Every structure is written in C-alpha cells, then in structure tokens.
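*Asks:* This is the structure I want to talk about, given as structure tokens.
The values are calculated or read from the model by the stated rules, or taken from the named source; none is laboratory data. Because the structure is a prediction, the values reported are computed rather than measured. Backbone-built Cβ (ideal geometry, glycine too); neighbour counts: all protein chains shown. Heads up: the accessible areas ignore ligands, DNA and RNA and are worked out on the full protein's heavy atoms, side chains in. Shrake-Rupley method; radii C 1.70, N 1.55, O 1.52, S 1.80 Å.
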Amino acid sequence: MASSSTVDSSVSDLFSSAPALQSNLGILSPDQIELAKILLENGQSHLFLHWSEPGVCDNEKLGFFDQIARLNSSYPGGLAAYIKTAKELLADSKLGKNPYDGFSPSVPSGENLTFGDENFIEMEKRGVVEARKAAFVLVAGGLGERLGYNGIKVALPRETTTGTCFLQHYIESILALQEASHKVASDGNQTDIPFIIMTSDDTHSRTQNLLELNSYFGMKSTQVQLLKQEKVACLDDNDARLALDSNNKYKIQTKPHGHGDVHSLLYSSGLLDKWLDAGLKWVLFFQDTNGLLFNAIPASLGVSATKQYHVNSLAVPRKAKEAIGGITKLTHADGRAMVINVEYNQLDPLLRASEFPDGDVNCETGYSPFPGNINQLILELGSYKEELQKTGGAIKEFVNPKYKDSTKTSFKSSTRLECMMQDYPKTLPPTARVGFTVMDIWLAYAPVKNNPEDAAKVPKGNPYHSATSGEMAIYRANSRILQKAGVKVEEPVKQVLNGQEVEVWSRITWKPKWGMIFSDIKTKVSGNCDISQRSTMAITGRNVFIDNLSLDGALIVDSIDDAEVKLGGSIKNNGWTMETVDYKDTSVPEEIRIRGFRFNKVEQLEKKFAQPGKFSLED
Ligand SMILES: O=c1ccn([C@@H]2O[C@H](COP(=O)(O)OP(=O)(O)O[C@H]3OC[C@@H](O)[C@H](O)[C@H]3O)[C@@H](O)[C@H]2O)c(=O)[nH]1
Ligand SMILES: [Mg+2]
C-alpha cells in the first residue's frame, strides 16, 4: 500500500540520520525502536554518534534505552514534550525575556492571624474539625545542598533536648491532629489521615529505613506512602540536545526537576480519586525542615475552610533579600490578575523593572511589603483534582542556564528544566479562590537550610535559617506560647553560637499530643507558674498539668495516657548547661556541631508515670 511505503521510507530516512544506531536496530525491541524514533524526531541523533557496532557494548545500549524509557514515562507528555518545552524556554532565556512580561506587581492583601486572639482560637478549632478530611504531603526529595549535611534532612533532630527528629515530630503532629479531630467528629468518620512523602534517588532508601527502623514513629505503615520523583535529562545547548554522562557515553546526565514534581506524582498515583471517595477535602503540602510548621497548621486550615479557599499559601513577614519567595499580586495589561509566589531570585529584577525602582527593599515596617512564602500550601481537593485532570499535573517550568559568555550560545555546565510546587496556581482559571494567610515568624517558620559558615554571613537582622536558629526558634515559640497561657517564662539571653547571635530561651519542649492548639494548652496550665531562663522542661506525656510550678533547673516528665500528672511546687537543681561547640570540631557528631552547642546534663528531676491514676511530682 502506498501509505505504508511512505511511512517506511520516512522512518528509514530518520534512521539514516544516525547510521550507528541504524546498524544496531537488530538488538532493540519494538518499544525501544519507538523510543529511538522519538529521540531522532526531536533532534537527538548526536546521542548515537559514538555507538559501537552490534555485538560490542550491547548491554550498555539496552541500559541506555531503559533509562530513556524511564525519562519518557516519568514526564507528562514524555521526552518529546520535555525537549519541546526546553527549546522554547532556552530561546526565551537567550533573548533575556522577562517571565513576568506584561504583568505589573503590587502588594496583595491576605488573611492576617495573630497568635492567641479570639479569631486565632476560633480558626484553630475549625482547623481541628477539618483535619480528619485532610491528607498531608511532605516534599523531601531535595539534597539540602546549602546545608551540606551528610544525612537526610528529615532525620535531623528538630531540637536536641529530646533529640526528636523532624520526621518523628511531623508524624506525631499528624497523629495528634487526627485524634483531636476524631474526638470532635459528629459523623463518626474515623479514617486515618494519609501521609505521603515525596522522595528522590538521593533520599528514598534512607527515608524508608528511618521509618522502618522506628516502626513508622507510631503511624500505621499503611497510612504512610512514599512517592519517588525521577530526575530529568540535562541539556547541553540551546537546541536542547540531551547531555551524555562524561563517564559513560551510554547514559544521559540527569538532575533534579524540583519540588513541583509532587503534583504529577500525586496525579499519576491515583491517590486523589481514592481520597475523594473517602470523603477527604484538603491536601496540605509542606517542606522538610520547618520545626514550627504545625503551630500554624490548625489555624490556617481553619482559614481555608472558612474562606473556602481553593489555594491557601502560608506566609510570614519577609525581610528584603531573604531567601524566601515573595507573595505578589501580578496584574496583566489585559486585566488578568493572580496572586502568586515570585521566587527570591526573581523578585528584585521584577520590582526594579516596574514601579518599584529600589527593588527588593524593606518598607517602613522594617520588612519587605511582600509577604514571605513559607511554601506550605493548603489545596482544596475537588478543585485540585479537576485542575490536574486538565494539566496531568504538569507545572509551569523554568530554566536557569549559566552561560559561558554574553553571546549566550554555550553553557558552563549542562542545565535542565525545573519546576516549583507553589507555581501550581499559575494555570488556574480566574474564578479560582486563591488566598494566603500571614502569621508571626516566631510561631510559624524556622527552616534549617544554611550551613554554619553561610549562616554567619547573613546580613544582621535577617534570619539565619540554620540548625542553630532552627532549634532556638522551638524554645522561643514554646516559651512565648506558655507566656501567653500565663506562665512567667524568664526573658532570653543573647549568645553567639557558630558565629550567629541568637536568643536563648528556656529549653521547653512538649509532644504534640500534650497540646496541639492554644485552647488545649491553656487547659494544661493554671495557678502561678514561673520558669527561669536556665531551665529545661520536657513533657512527653499527654495528661500533664502545670499548676503552681516554679522551675529553676531541669524537669523531664513522661507518663502513660491513663496517668494524670500535676507538675507543681518549687523545683530547683543544677539543670542542663549549654556548652559551645565549634562547627569545625569533627570529634563531635555532625548533627550536634552544626548547632554550635550541646547540653551537659548536670542534674535533673526525671519522672516517669507508668501506672494509671492521679499523681503529682512528689509521687
Ligand atoms: O527536586 C526537589 C527539590 C526540592 N525538594 C524539596 O523541596 C523543599 C524545598 O527545597 P529547598 O529547601 O531547596 O527550597 P528553597 O529554600 O530554595 O525555596 C523554597 O522554600 C522557601 C520558599 O520561600 C521558596 O519559595 C521555596 O521555593 C525541601 O523540602 C526539599 O526536600 C524536593 O522534594 N525535590
Ligand atoms: Mg533549593
């Protein structure tokens, strides 16, 4: 037939552009030949230039196509779509095209929450009611290059008073919310809150091991699910020619695609339908190392529910030039408008190119007028699924090549497309309800991103985002929350640790099940209580009540749920002192030395209540 012979001749034309591949067609399966066609049709014949004759390196050749098959299936639209988008974005980048062309930025207005006031307390209660209809998604595929820690970030201690790691704290927080939510549920719905963790080849097996070694920190193993993101192909030039690995010419170089992958992974996992069927309503996304995050979750979920937001981003006041994105209203000349994160490296040029000639600077409040994105997103499940059905979970991408010179014709090293989860709203229709919720930094945001050396160089007044500041922020938040609940917690002292000046507050910690929301915490505190600055207090039990307690030293209390324990009276001991440690001192474990201090447990009152009943400290 005429038509099939045309096809055949165009196919053989295609393969004649890569003779080394053509001579190897006999070792390839029909599927592999299809993949080869896709590559050739998209300008990738250079990949086969060095291929040896059949019989030599055949296993490597099959391995090459295994990798191509993975790269093709893990990207929405496959490699053809990846290469096409790459060509377009590289051309725009070469022209220096502004990604926000036609849009002018302005300061958006959002919901402001003040910890402890009536509205905040109401929002928290509403959030607890909603929590049993939520699923949590942690993006933890990043290497944490800025921190430079050798392990996975979620295994780092959130604080070293108890040594609880981030992942344990997140799981215990979700379980505490689940339990609190089931308690107030009127419909008898007692489903478990799903917890999804996005990993990558860099973090997957270590995350899995951490969970298994610790029995999932108390969660059912079926409640937790890991979704691994794949890396994407690197690009060598403006024609989007895929880059070969310099050590193995049968392998494509790959790099991470960014946290935006979480949307296509969720979409292709089939979980969204499952969740809708189970009556879920919210998907909450969060990042690997914010130890304060769950202080902000209940109230902001309450805001989402009250305002019926399809998208709610959590934000905090932002210092100019701080490495967090700015939430910005972008209005197009044609009338379109959206409220979206502008990433920290793009905010200054965008502002300078419009009505903000000074760029990214603080205003009279001492903060940038643009709220800082902490990348905690609450999405309404129904509209989320509808949107992903249209996009397949694809998120607007960007490319950031480092050019060799101003001709922008070659790169210093290969580049790749990237995407960010907070760019999800970019494709939403104008009818979507997109909002954001601003909270105090001390309450809601203390990420661990910077290594000690870089943290010490952060401009004065800007947050360090280090292991030191991350831990100190936990003590500050807990101290302030107890102050607000009526405890006289002594004011902090200033100390320099690993070259960073921080406030050192009393080392107060508790388990999420002790107090998840402020109204619960208030029921756990009564009478005249005071805690001195040099004190340590760790509560790991649930029904523990602080009542007329005066603490000057260290107090560690654990109890079973059926034990009701009163912490009262005057407790004084030598306590735990803080010893400074230099981050360069490799005789100290890495997770400790990056903090710049460790505890010397000189003396403490340690109590464990393992029997049901009512007790006080004297028992
Ligand atoms: O490919 C990736 C990259 C990153 N990640 C995860 O995404 C999270 C954020 O990664 P990074 O810490 O590198 O992000 P950045 O600090 O560059 O910026 C991010 O957090 C601060 C916000 O203000 C920014 O808007 C947001 O992009 C981490 O939990 C990381 O593990 C992935 O899961 N996969
Ligand atoms: Mg990053």
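*Asks:* Which residues, taken from the stretch 132-156, are more than 16 Å from ligand 2 (Cβ to nearest atom) and open to solvent by less than 20 Å² (accessible area, probe 1.4 Å)?
*Replies:* Result: Arg132, Ala134, Ala135, Phe136, Val137, Leu156.
*Asks:* Looking at the stretch 370-381, I want the residues that are within 11 Å of ligand 1 (Cβ to nearest atom) and have a partner that is acidic (Asp, Glu) and modelled with pLDDT under 95 with Cβ atoms under 8 Å, at least 6 apart or on another chain. Which pairs are those?
*Replies:* Gly372/Glu322
*Asks:* Search the stretch 127-144 for residues that are more than 16 Å from Glu179 (Cβ to Cβ) and pair each with any residue that is more than 13 Å from ligand 1 (Cβ to nearest atom) and assigned to a helix (DSSP H, G or I) when their beta-carbon atoms are under 8 Å apart and the residues are at least 6 apart or on different chains.
*Replies:* Short answer, once both residue conditions are applied: Ala135/Leu271; Ala135/Trp275; Ala135/Leu381.
*Asks:* Right, here's the next one. Those residues that are of a type in the set (A, V, I, L, M, F, W, C) and buried (at least 21 other Cβ atoms within 10 Å of the Cβ), I need them from the stretch 365-387; list them, please.
*Replies:* Answer for the stretch 365-387, where residues must be of a type in the set (A, V, I, L, M, F, W, C) and buried (at least 21 other Cβ atoms within 10 Å of the Cβ): Phe370, Ile374, Leu377, Ile378, Leu379.
*Asks:* With respect to Ile340, determine if the residue is open to solvent by 10 Å² or more (accessible area, probe 1.4 Å) and touching a helix residue (DSSP H, G or I) at 6+ places or on another chain (Cβ under 7 Å).
*Replies:* No: the conditions fail for Ile340.
*Asks:* Phe166 passes all but one of (1) open to solvent by less than 50 Å² (accessible area, probe 1.4 Å); (2) modelled with pLDDT under 95; which number fails?
*Replies:* (2)
*Asks:* What about Lys97, is it out of contact with any Cys (no Cβ under 6 Å at 6 or more places or on another chain), closer than 25 Å to Gln346 by Cβ and in a helix (DSSP H, G or I)?
*Replies:* So Lys97 fails the test.
*Asks:* I need the strands (runs of 3 or more DSSP E) fully contained in the stretch 241-330, keeping only those with at least 3 residues that are open to solvent by 40 Å² or more (accessible area, probe 1.4 Å).
*Replies:* It comes to 248-252.
*Asks:* Of the residues Asn72, Asn59, Asn24, Asn42, which is polar (S, T, N, Q), open to solvent by 60 Å² or more (accessible area, probe 1.4 Å) and at pLDDT 95 or above?
*Replies:* Testing whether each residue is polar (S, T, N, Q), open to solvent by 60 Å² or more (accessible area, probe 1.4 Å) and at pLDDT 95 or above leaves just Asn59.
Yes/no matrix, rows are residues, columns are (1) closer than 23 Å to Ala176 by Cβ; (2) out of contact with any Leu (no Cβ under 9 Å at 6 or more places or on another chain); (3) β-branched (Val, Ile, Thr):
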{"site": "Lys522", "(1), (2), (3)": "yes, yes, no"}
{"site": "Gln533", "(1), (2), (3)": "no, yes, no"}
{"site": "Val557", "(1), (2), (3)": "yes, no, yes"}
{"site": "Asp561", "(1), (2), (3)": "yes, yes, no"}
{"site": "Lys608", "(1), (2), (3)": "yes, yes, no"}
{"site": "Leu617", "(1), (2), (3)": "no, no, no"}
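*Asks:* Sticking with this structure for a sec: Among (1) in a loop (DSSP other than H, G, I, E, B); (2) within 16 Å of ligand 1 (Cβ to nearest atom); (3) surrounded by 20 or more Cβ atoms within 10 Å (Cβ to Cβ); (4) within 20 Å of the chain's Cα centre (by Cα), where does Glu159 come up short?
*Replies:* (2)
*Asks:* Name the residue, out of Thr114, Thr85, that is under 20 Å from Glu230 (Cα atoms) and at pLDDT 95 or above.
*Replies:* Thr85
*Asks:* Of all strands (runs of 3 or more DSSP E) completely enclosed by the stretch 170-240, which ones contain at least 3 residues that are modelled with pLDDT of 95 or more and open to solvent by less than 50 Å² (accessible area, probe 1.4 Å)?
*Replies:* 195-199, 224-228
*Asks:* Right, here's the next one. Any residue in the stretch 340-355 that's of a type in the set (Phe, Trp, Tyr): show its pairings with residues that are open to solvent by 40 Å² or more (accessible area, probe 1.4 Å) at Cβ separation under 9 Å, as long as the two are six or more apart or on different chains.
*Replies:* Note: pairs meeting the criteria are Tyr344/Lys321.
For every residue, the table says whether it meets (1) surrounded by fewer than 18 Cβ atoms within 10 Å (Cβ to Cβ); (2) free of Cβ contacts under 8 Å to residues at least 12 places away in the same chain; (3) within 16 Å of ligand 1 (Cβ to nearest atom); (4) more than 30 Å from Ser268 (Cα to Cα).
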{"site": "Lys84", "(1), (2), (3), (4)": "yes, no, no, no"}
{"site": "Leu89", "(1), (2), (3), (4)": "no, no, no, no"}
{"site": "Gly102", "(1), (2), (3), (4)": "yes, no, no, yes"}
{"site": "Val107", "(1), (2), (3), (4)": "yes, no, no, yes"}
{"site": "Leu113", "(1), (2), (3), (4)": "no, no, no, yes"}
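*Asks:* Hey, Gly116 hits all of (1) touching a helix residue (DSSP H, G or I) at 6+ places or on another chain (Cβ under 9 Å); (2) within 14 Å of Ile252 (Cβ to Cβ) but one; which does it fall short on?
*Replies:* (2)
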